[in-house]
Structure formats: structure tokens, C-alpha cells
Amino acid sequence: MECFHLLLPRAQGVAKEFGFRNNGFSVYTNRNRTGEITAAQNKSLNLLKIKHGDMLFLYPSSPAGSSSETMDTSVSQNSRPGGAPQVVEDEIDQYLIKQDGKIYRNRDQQLCRHGPLGKCVHCVPLEPFDEDYLNHLEPPVKHMSFHAYIRKLTGGADKGKFVALENISCKIKSGCEGHPPWPEGICTKCQPSAITLNRQKYRHVDNIMFENHTIADRFLDFWRKTGNQHLGYLYGRYTEHKDIPLGIRAEVAAIYEPPQIGTQNSLEILEDPKAEVVDEIAAKLGLRKQCSPSPFDTYFLSAEECITAGNFQNQQPNICRLSPDGHFGSKFVTVVATGGPDNQVHFEGYQVSNQCMALVRDECLLPCRDAPELGYAKESSSEQYVPDVFYKVRAQGFGCAPGSKH
């Protein structure tokens, strides 16, 4: 029968794997740190009543007052998934994580049959991701806030212990040695998954507000005088948007117009030697590059404009503790200045989905040459493998069915 002291090298290997700086540890037969087994006992496993398949619990034994090697076995909402890097999220994210987020309702005089201190299904607080509540707001909210989406993922019994927000990748995974590199070979391990386009259930920014109308009017003067396309970077802050549960608002404080060449139907952004200086000044003022406004003629973005928006969003990733990459999605927003049915100029905010960001980042999505309002997914070539991109069509009375590659 194997003695316990023979298990020391194995336990020390476990301690090394967990990053303990010394070999001091304690082994227990119970999770609550009772039934300690010491190496000095020098007893066989049979005498210790340890059978094959029994679970032992290893804890670091640090000196009193030292907390550098203390293992915390509790799981909280702020814990990071295994393998996720330690990152510092935006201030607004750190603030919203600490908020309750629930939607509190008053006692219904007609439906509630309990006293003033009681609660029932008609007045109990709702979760911030309650779709029925969001759909009955005025105007209805089609996309829950990003933090409401996180609450939905982490609201189970495990409190999000195994939640990991994976970024979509359209590239072949590197390091696969079982076959020649593309285009000579590819396998299921390195092949990127096909993408089925779906409406994203959440959004990273829920509202956009200008601190004053003067900065917007000054930007529009060029458009009014020339009628040409024009672009500027919006700098501001992210604050809480209280009209949406756990919502985020982008408050615009300034607009910076980079060097550019614009016509009525095109826009070329030139290299800006002052870009780093502008970002540095904005950071010292507590401002961040949030979005880019541009005048267009319609309410809908063309494929070319969606690709441009996706490129900007990829340049400004959203720091996220739940992602193994340390970032997920983007808070960058595209604001379009356009004419409305009342013959007035309106600002409309847009964000492309994480799927579009991935297709743009990996150079899989291109605009049509003869019709820039339309786009298409590239075909695979000897230089690049492009995963299949599908979409769904809703036939009357039949629900959703996969469509063809486009």
C-alpha cells in the first residue's frame, strides 16, 4: 500500500501549477478544511481510510498575516473565467457591475392581494434583461444593455463561473501540425466555424447625447455650405443611462475633424500627424474617442459604411473581464447626420454587431464595386480561407430557415 509521504512530489506539483511560491501546503479529507493529513503521520492510505477515487483538498499553508498565497474557493460575480487575463475595465463598467440593476415595481392595487410589505408575481422586482418589460417601454427596446446581458449569463446557480465571452475568429487556427498548411490541408481543429448571421441581442452603448448643440451645428456648417461628405471623431465620456436597465450613455463633449477629402458621394480619410497629440490632450481632459459623425442621405448604412464602422470599432475594443482575450465588442459608435421626414437634420446612432466586426477584421467582407451599398463575403482562395457565411429568411408561417451563402 502506498504511503502518504510518497504522494508529496505529486502534491508539490499541484502547488507549483497553482503558482504557490513555497512548498508549504496542507491536505484535507474534507472541503471545509477538516481532517488534515500531515506528512509526519507516515501512514498507509489504507490506515488513513483513503480509497481509490476519494477526493482530497489541497490548500496553501501561509504564515499568519500573509495573504499572498491564500486560495479563495468562493465564486463571485466579479470572478474571472479560467485563462482570462487580468484587465482594468472602464470606470462605467466597474460602476455598473456594483449596481443592483433590478427593475422595482409598485404594488398593483387591482392584482396584488397581499399587504404593503409583501411581494407577488405582479410586483416582484424584474431582472434587467426582462424582454417583456423592455418591449413595453416607449419606445420599445429591441436590444438589452450589455451589462444586462452579462447579468443574464451570470444569473444561474453557478454565478457565471464558467462564462467566457469568446470573440469570433474567421481565421485558421495556427499550430496545427497534423497536415500541411492551407491551401494544401485543413482539419476540423483549425478550421474556423461557419457564421450564421443573427441579430445581436445586446448593445454596448444605449444612448448618445451631445453636451450642447453648438458643437454639432459647427460640424454641420461644412456640410451645409458644400454638400460634401464630412467626418469627425467625437470625444466624450461614458455615463449611466438610467432610462435603460444598466444602460450606458455616450456624452459627447467635442468633435475633432481629421484631414480628409470629401465629395458628395465619397470620403477619403488622410493620414493625421496630430492624431496622437489629440488623443493625449483628450485623455488629460478625461475624454475618450467614442464615435465618428458623418452626413449621409439615408437612414440606413450602406455596406461600405458598415465596413468602415466595423474597422473603427475594431480599433477601439471594449475591455472585458469575462473574455479570454481581455476584450469583447466595442463601445465605439457611428453617428449619422441625415435629413428627416420633417425636413430637419437628425443624428442617428449605429453600431455593427460583433459578427460584422469579426468579418471586417479578418478581411472577409467587401463592398460591391458597382454598388457600394451592397456587400458580399469573399470566396476562399489559395491565400486565405474564408468560412461559410449564412443568413436566415423568415417565410410566412414557417419561422426561420437557413439561407444560402452570400
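The values are calculated or read from the model by the stated rules, or taken from the named source; none is laboratory data. This one's a predicted model, so the numbers in the text were calculated from it and none came from an experiment. Here Cβ is always computed from backbone atoms with ideal geometry, including for glycine, and neighbour counts include all displayed protein chains. All accessible areas refer to the heavy atoms of the entire protein, side chains included, with ligands and DNA or RNA removed. Shrake-Rupley method; radii C 1.70, N 1.55, O 1.52, S 1.80 Å.
Observations on the model:
- Separation in nanometres of the label points that stand 7 Å from Cα toward Cβ, at Thr226 and Leu285: 2.3 nm
- Heavy atoms of Tyr59 accessible to a 1.4 Å probe, total area in Å² rounded to 10: 10 Å²
- Taking 0.36 nm per residue of separation and subtracting the Cα-Cα distance, full extension of the segment from Gln86 to Leu153 would add 22.1 nm.
- Residue order by solvent-accessible surface for Thr239, Thr154, Thr226 is Thr226, Thr239, Thr154, largest first, with ligands and nucleic acids left out and a 1.4 Å probe.
- Debye-sum result for the stretch 195-391 in log10 I(q)/I(0), which assumes one identical scatterer on each alpha carbon, at q = 0.10, 0.14, 0.17 Å⁻¹: -0.45, -0.91, -1.32
- Residue-normalised accessible area of the stretch 230-351, expressed per residue, 1.4 Å probe, Å²: 48 Å²
- Take each peptide in 217-225, 91-99, count the other Cβ atoms within 10 Å of every residue, and average; sorted highest first, the result is 91-99, 217-225.
- Inter-part distance where the stretch 351-375 and the stretch 135-211 are each reduced to a Cα centre, Å: 17 Å
- Percentage relative contact order, the stretch 195-391, counting C-alpha pairs under 8 Å, at least six apart: 20 percent
- Pairs of Cα atoms farther than 13 Å apart, the stretch 91-155, %: 69 percent
- Just the protein heavy atoms count here, and of the accessible area of the stretch 195-391 at 1.4 Å, carbon and sulfur take up 51 percent.
- Qualifying GluC sites (Glu not before Pro) in the stretch 207-281, where qualification requires a DSSP coil assignment and no more than 13 other C-beta atoms within 10 Å, comprise Glu211, Glu271.
- Gain in span if fully extended, Ser381 to Asn106, counting 0.36 nm per residue against the direct Cα distance: 92.9 nm
- The modelled label-to-label distance between His114 and Glu131, using points 7 Å beyond Cα along the C-beta direction, is 2.7 nm.
- Accessible area per residue (1.4 Å probe, heavy atoms of protein chains only) ranks Ser169, Ser323 as Ser169, Ser323, with the largest value leading.
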